[in-house]
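*Asks:* Have a look at the structure that comes next, please.
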Amino acid sequence: AQVDRLGQILNALPTDLSLKVAAFDQTVVPVFQGKCGQFKAEALRARPPLGATDLNGALEWAAQQKEFSRVLLVTDGVSTVGSTHLDSEPLRKAGCQRLDVLPVGGIQDAEALRDLTSQLHGVVLQADQDPKDQAFQRQRPPISPSPSQGRVGSGRSASMGSRPARNI
């Protein structure tokens, strides 16, 4: 169901956007690169999770994908390998403009996900929200927090969109 949800969101985006999808647990494995309209959920289903989740490792991998300026992270927010403090700093330093999260799973660290997205002006998408509305949210420009706004205090995939004007 989680992979289907990601597919619905991606299918609601413009089909010509560049996209890279990677599955992660204690390692990161790219499973798709191409245009949004070409993504098939089977690419992600073919890579079953292996157990432990290194969420910071996935964020560091995403930061190395320099051709992308936005990240959609599909996760429960619970890192079971490496540091449990989620840090988007590598993404920011790499030029990422926005990080959004689609939370999945029965047990989620909602506070960590809100904190993580607030670091890069993103949103935590709602599982019961219409995929077209979520796709619209992903296409909006990043929202800059007001100066007084402080931090709000087993991964499956990370997806990124292209750097040109119509980026994800």
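*Asks:* With a/c under 1.5 counting as rounded, go ahead and sort segment 1-67 into rounded, prolate or oblate using the C-alpha gyration tensor (a ≥ b ≥ c being the square roots of the eigenvalues; past the cut-off, prolate if a/b is larger than b/c, else oblate).
*Replies:* On the way: a/c = 2.25, a/b = 1.35, b/c = 1.67.
The shape class here is oblate.
*Asks:* Turning to a different aspect of this structure: Testing the spin-label approximation: label points 7 Å from Cα along Cα→Cβ at Asp128 and Lys93. State their distance in nm.
*Replies:* Taking the two extended label points, one gets 4.1 nm.
*Asks:* So, one more: When a/c is below 1.5 the answer is rounded, else prolate if a/b is larger than b/c, else oblate, so apply that to segment 1-113 with a ≥ b ≥ c taken from the square roots of the Cα gyration tensor eigenvalues. Kindly include the intermediate steps, with their values, before the conclusion.
*Replies:* On the way: a/c = 1.60, a/b = 1.21, b/c = 1.32.
Oblate shape, in that a/c is at least 1.5 and b/c is the bigger or equal ratio.
*Asks:* Measure off 7 Å from each Cα along the Cα-to-Cβ vector at Ala46 and Thr15, then give the distance between these two points in nanometres to one decimal.
*Replies:* 2.2 nm
*Asks:* Hey, got the Cα dimensions of segment 54-108 along the principal axes, in Å, largest first?
*Replies:* 32, 21, 13
FYI, it's all coordinate maths here, none of it is from the lab. All values derive from a computational prediction rather than experimental measurement. Glycine also receives a Cβ, built like all others from the backbone with ideal geometry; neighbour counts cover every protein chain displayed.
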